């Protein structure tokens, strides 16, 4: 005769756990875990998790969702230990953060969290995060030469040139130049176009994703958070492609402090970018930061955008003084005047000449005012070549791209 116990249904296997100080503070997480996993999940406090992860049952877990808020920042050492322990056991980690400072978030993600979701949880955010974990290939498949998100092969066989673009005052059109120059270089030749990468290093107000209608990706933050393990494959996987021709690293989805990365981090990113692309265009923040030196040192030409006004003149002078004081290669700066006077505006041309003389610089590139079509193109998320091919600004940027491309070909031929 069967026992009563045999009539009881088998309990659902636990495949995931939430880990927090008090899960009742994350009621939306509870609801979403129940929706996604039914009864196949459990809950652990930080103390319980430290013990459980050392038991054999922990190997059955697919992932843990570690939920932290501002009160947990004083306990980062213990939480960091839990993340490290989970990763060592092969358990994937989703980090749920509620009003945690960027520095603390950076520290936790750098330990190897597989995904990050802000709290309160956006609709379907946990579902999408779990789906990403399921789609992610195992570490042993991330080998040199595998296909990246951008559709390129991670060969590391290039020695690209770097062209940063920085506005010396707000609204000078630096991002517009960076985006359109990158696109013109990517399409400069039909048969054998060069590989071009556009990097948005303005981690707070970066607009490259807006100008090209691309989503901002968490993968960018994850890549920047752990550049010590950066390689060709992981770098290419953090990129998106625009129209199958231009590879783009957008700014992170969250507004982050500019000092969240170091000069060493930026140098690693640029080294990998150069190894995989012929041209690397960098959209710089207007603020000069500690790692600006790293970009300037690697740059072949550093475009400094300005306008014909007093603020640009004063900021240009301050920039030159700052670089000279630190004995940095200020001679790499190439001054670009946006919204320059028309050819027939003799008075305006005289003002440009006096500006250059007063600053003791040479303004090498004069860009015309593209007027309203430029704003419309940016709002539509398309380069000028796609929306206003005959716009005078687009024509000048196309000439610049052609000049850069031909110069690069000539140098390559000379060194062959």
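Got a number for residues in segment 294-328 being farther than 22 Å from residue 355 by Cα and either crowded, with 21+ Cβ neighbours inside 10 Å or touching a strand residue (DSSP E or B) at 6+ places or on another chain (Cβ under 9 Å) (or both)?
Residues meeting the conditions: 5.
Can you pull out the residues in segment 22-59 that are in a loop (DSSP other than H, G, I, E, B) and surrounded by 17 or more Cβ atoms within 10 Å (Cβ to Cβ)?
Of everything in segment 22-59, those that are in a loop (DSSP other than H, G, I, E, B) and surrounded by 17 or more Cβ atoms within 10 Å (Cβ to Cβ) turn out to be 26, 53.
Residue by residue through segment 279-293, note down the ones that are surrounded by fewer than 21 Cβ atoms within 10 Å (Cβ to Cβ) and touching a strand residue (DSSP E or B) at 6+ places or on another chain (Cβ under 7 Å).
Selection gives 286 alone.
For segment 354-405, name all the residues that are in contact with a strand residue (DSSP E or B) (Cβ under 9 Å, 6 or more places away or on another chain), over 23 Å from residue 197 (Cα atoms) and part of a helix (DSSP H, G or I).
Selection gives 355, 356, 359.
Residues checked against (1) within 28 Å of residue 103 (Cβ to Cβ); (2) crowded, with 20+ Cβ neighbours inside 10 Å; (3) at pLDDT 95 or above; (4) not assigned by TED's automatic domain parsing to the domain that holds residue 391:
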residue: 156; (1), (2), (3), (4): no, no, no, yes
residue: 166; (1), (2), (3), (4): yes, yes, yes, no
residue: 171; (1), (2), (3), (4): no, no, no, no
residue: 174; (1), (2), (3), (4): yes, yes, yes, no
residue: 182; (1), (2), (3), (4): no, yes, yes, no
residue: 206; (1), (2), (3), (4): yes, yes, no, no
residue: 213; (1), (2), (3), (4): no, no, no, no
residue: 219; (1), (2), (3), (4): yes, yes, no, no
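Do you know which residues across segment 302-348 are within 19 Å of residue 291 (Cβ to Cβ), in contact (Cβ under 8 Å) with a residue 60 or more places away in the chain and part of a helix (DSSP H, G or I)?
319
Just to be sure before I move on: is residue 279 modelled with pLDDT of 90 or more, more than 17 Å from residue 178 (Cα to Cα) and within 18 Å of the chain's Cα centre (by Cα) in the structure I sent?
So residue 279 does not fit the description; no.
Any chance you could count how many residues in segment 102-143 are modelled with pLDDT of 70 or more, part of a loop (DSSP other than H, G, I, E, B) and over 19 Å from the mean Cα position of the chain (by Cα)?
Selection size over segment 102-143: 6.
Answer yes if at least one residue in segment 195-204 is surrounded by 19 or more Cβ atoms within 10 Å (Cβ to Cβ) and over 21 Å from residue 268 (Cβ atoms), and no otherwise.
No; the residues of segment 195-204 include none that is surrounded by 19 or more Cβ atoms within 10 Å (Cβ to Cβ) and over 21 Å from residue 268 (Cβ atoms).
Just to check your reading of the model, which residue among 409, 366, 359 is under 27 Å from residue 331 (Cα atoms), in the same structural domain as residue 190 (by TED's automatic domain parsing) and in contact with a helix residue (DSSP H, G or I) (Cβ under 6 Å, 6 or more places away or on another chain)?
Going through 409, 366, 359 in turn, the sole match is 359.
Would you mind telling me which numbered condition in (1) assigned to a loop (DSSP other than H, G, I, E, B); (2) closer than 15 Å to residue 185 by Cα residue 408 fails?
Status for residue 408: all satisfied but (1).
Suppose we filter 359, 355, 400 for residues that are within 28 Å of the chain's Cα centre (by Cα) and buried (at least 17 other Cβ atoms within 10 Å of the Cβ); which single one remains?
Only one candidate passes the filter, namely 400.
The values are calculated or read from the model by the stated rules, or taken from the named source; none is laboratory data. What you see is a predicted model, and the numbers here were worked out from it, not measured in a lab. Note that we place each Cβ from the backbone using ideal geometry, even for glycine, and neighbour counts take in every protein chain shown.
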